[in-house]
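The values are calculated or read from the model by the stated rules, or taken from the named source; none is laboratory data. In this text, all values refer to a predicted model and were calculated from it rather than measured experimentally. Here the Cβ is made from the backbone with ideal geometry for all residues, glycine too, and neighbour counts use every protein chain on show. Ligands, DNA and RNA are stripped out before the accessible areas are found, and what is left, the full protein with its side chains, is counted by its heavy atoms. Shrake-Rupley method; radii C 1.70, N 1.55, O 1.52, S 1.80 Å.
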Amino acid sequence: MPASLLARKIERWFARNQRRFPWRKTYDPYQVWVSEVMAQQTRMEVVLAYFERFLKRFPTLQALAKADDDDVTAAWSGLGYYRRARMLRDGARAVCARFDGAIPRDVEALVEIPGIGRYTAGAIASIAFDERAPIVDGNVARVLARLFADESQPWERATELVHAAKSPRDLNQGLMEIGALVCKPGKPLCHACPLRDDCAAFATNRVDAFPSPKKKPATRQLRIALYLVTDRRGRVLMRRESGPLMNAMFHLPHGDTSLLTAAPIAVSPKELLGTFRHTVTNRRIEFEVFSATAKRTAGFAWIDPASDFPHPSYVRKALRLAGIEGQRPLFARP
Ligand code: SF4
């Protein structure tokens, strides 16, 4: 089938079936950029929960450009992969400095901005500005691989389709939506697919063969003790830690260095408050949360749990487990 007819099918399907996302109301370039960065490595339901909050905090690119690391990581808290948030802020600063605060519309200029790679540049150019820029993310790559029964040239296929489209914006989002809602990784809904009559993998009964399976990194199981040390004012002892996965955020004292890299604090555990599971990349962690006392607290800070301190989501889970969430802790203090 000619690319123009395929493109038309995708665009028509998108017009009828698109999900109502907040950034699709105006296609404001800043909002499109934020949504794309949030959607990397994060499920869309989670993105939706955080998008409005982030936009409330930083309604414009200029507001984000002025934010410091703590503001950005606090507003991003819960989404994980915090480096993305700081890169987004750095990108906003570059747009203010180099483009007078106006996000450029062409891919060549966009990829010059820190944190914007080929995919994000294509997404901003096509979705915000309706430019003929291709995009290939995991969803699009899967749809194209099955549609053509060939996964060797996703960018070439995406380029051909976007050049044949009436609306690059609708074509690219249509491909992404078909990948997310119909041509799903495990169980594609071929009976509901607008491309079924054109799909080479479907026609040859090889849907399961695309994309070809990749080896997953081995999962590591860890058990880590966390210590909740509080003072008389209900503040919690924490330390800002840097290094891989630490993201310069506040972490709880712990008894392990395999994930939390800084040296463990010397504490006296008192009572096991509970356990919870948490996953970070390929690590499955069972956290054991103890109330504890500490004699030496040098290098640590007393943090008010009700304040807006930058922290990873496991810290909030531990505080919640102990009944501390913007309120006084339930267990005994030193
Ligand atoms: Fe994917 Fe099935 Fe549609 Fe082919 S027919 S694009 S495999 S959902």
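Tabulated results
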{"read-out": "Relative contact order (%) - criterion: Cα under 8 Å, at least six apart; region: segment 141-210", "value": "42"}
{"read-out": "For the chain: relative contact order, % (alpha-carbon pairs under 8 angstrom, 6 or more apart)", "value": "15"}
{"read-out": "Calculated FRET efficiency for the pair Asp69/Trp155, C-beta based, R₀ 30 Å, to 0.05", "value": "0.30"}
{"read-out": "Listed residues Val267, Val162 arranged by accessible area, highest first, probe 1.4 Å", "value": "Val267, Val162"}
{"read-out": "Accessible area, probe 1.4 Å, largest first, for residues Met249, Met87", "value": "Met87, Met249"}
{"read-out": "Ranked packing of 167-178, 29-40, 106-117, 69-80, most packed first, by mean Cβ within 10 Å", "value": "167-178, 29-40, 69-80, 106-117"}
{"read-out": "From phi via Karplus (6.51, -1.76, 1.60), per-residue ³J(HN,Hα) for segment 48-57 in Hz, x at Gly/Pro", "value": "4, 5, 9, 4, 4, 5, 5, 5, 5, 6"}
{"read-out": "Within the chain: Cβ-based charge dipole about Cα centre, in debye rounded to nearest 20 (Lys, Arg +1; Asp, Glu -1)", "value": "1080"}
{"read-out": "Share, in percent, of DSSP beta bridges within the chain that are antiparallel, nearest 5", "value": "70"}
{"read-out": "Distant-in-sequence amide H partners of Glu131 (H built 1.01 Å from N, under 5 Å)", "value": "Ser126"}
{"read-out": "With all protein chains modelled, accessible area of Cys96 [1.4 Å, Å²]", "value": "50"}
{"read-out": "Amide H within-cut-off set for Arg206, under 5 Å, with H built and near neighbours excluded", "value": "none"}
{"read-out": "Area accessible to solvent at His251, 1.4 Å probe radius, in Å²", "value": "0"}
{"read-out": "Spatially proximal aspartates and glutamates relative to Lys187 (Cα-Cα < 20 Å; intrachain offsets below 8 disregarded)", "value": "Glu45, Asp137, Asp150, Glu151, Glu177, Asp197, Asp198, Asp208"}
{"read-out": "For segment 122-264: relative contact order, % (alpha-carbon pairs under 8 angstrom, 6 or more apart)", "value": "18"}
